[in-house]
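The values are calculated or read from the model by the stated rules, or taken from the named source; none is laboratory data. Predicted, not measured: the structure shown is a model, and the values here were computed from it. When we count neighbours, we look across all protein chains shown, and the Cβ atoms used for this are built from the backbone with ideal geometry, even at glycine.
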Amino acid sequence: MAEHNLTGKLGEQYACRFLEAHGYTVLERNWRKGRHELDIIARTARELVIIEVKTRTSEQHGQPEEAVKKGKRGLLIKGANAYIQDTNCPLPIRFDIISVILHPSGKPFIHHITDAFYPTLHDRPF
C-alpha cells in the first residue's frame, strides 16, 4: 500500500477514536456504493453526520481541510444521498471535516470542523 494511503488510514483511525470519545456512534467506515465513497458515517442522538477525514504529516502545504473543495463537497453530498436512499435514515444530516496532522512526536493534532459546509441545490441559477 502506498504511504499516502497508510497515512489516510491512520488518520481515519484517529478520527474514529476522537468521535467515539466525544459521544458519536460510528456507523460506517469507508462506505462505498458505486462511485460514491464516504470516509466516516456517524450519528449523534439527533443527527446523521458525514465526515470527510483529511490527514497530513505536516502543514507545509496548508491545512488538511483546505483540500475539501467544491468538487469534493459535491461528491460527498451525492454519496450521502446514496447512503440515505439505501438506509432510509430519517435523521437530519450534517457534513463535518476532521483534519489530522501527524506530528513526528507521535501525538496527532485533530481539528473537528462541525457543519463544515451545507448542500445547495445549485451553484448558480439556470
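So the values come out like this:
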item: Count of residues meeting criterion [assigned to a helix (DSSP H, G or I) and over 18 Å from VAL26 (Cβ atoms)] in the range 72-113; result: 9
item: Residue list for the range 67-100, filter: touching a residue at least 24 places away in the same chain (Cβ under 8 Å) and aliphatic (A, V, I, L, M); result: VAL68, LEU75, LEU76, ILE77, ALA80, ALA82, ILE84, LEU91, ILE93, ILE97, ILE98, VAL100
item: Of all residues in the range 65-88 being of a type in the set (Val, Ile, Thr) and more than 30 Å from PRO104 (Cα to Cα), the one that is surrounded by the most Cβ atoms within 10 Å (Cβ to Cβ); result: ILE77
item: First in the range 48-66 and farther than 14 Å from ILE98 by Cα, second anywhere and at pLDDT 85 or above and part of a strand (DSSP E or B), Cβ under 6 Å, 6 or more apart; result: LEU48/ILE93; THR57/LEU102
item: Qualifying positions in the range 80-124 - under 18 Å from HIS36 (Cα atoms) and among the small types (Gly, Ala, Ser); result: ALA80, ALA82
item: Selection status of ASP39, acidic (Asp, Glu), in contact (Cβ under 8 Å) with a residue 12 or more places away in the chain, surrounded by 10 or more Cβ atoms within 10 Å (Cβ to Cβ) and in a strand (DSSP E or B); result: yes
item: Some residue of the range 49-64 being in a helix (DSSP H, G or I), crowded, with 17+ Cβ neighbours inside 10 Å, at pLDDT below 95 and not hydrophobic (A, V, I, L, M, F, W, C); result: yes
item: Test: residue in the range 6-22 that is within 14 Å of PRO108 (Cβ to Cβ) and basic (Lys, Arg); result: yes
item: Residue in the range 16-32 that is in a helix (DSSP H, G or I), out of contact with any Leu (no Cβ under 7 Å at 6 or more places or on another chain) and aliphatic (A, V, I, L, M) present; result: yes
item: TYR24 vs. criteria out of contact with any helix residue (DSSP H, G or I) (no Cβ under 7 Å at 6 or more places or on another chain), of a type in the set (Phe, Trp, Tyr) and touching a residue at least 24 places away in the same chain (Cβ under 8 Å); result: yes
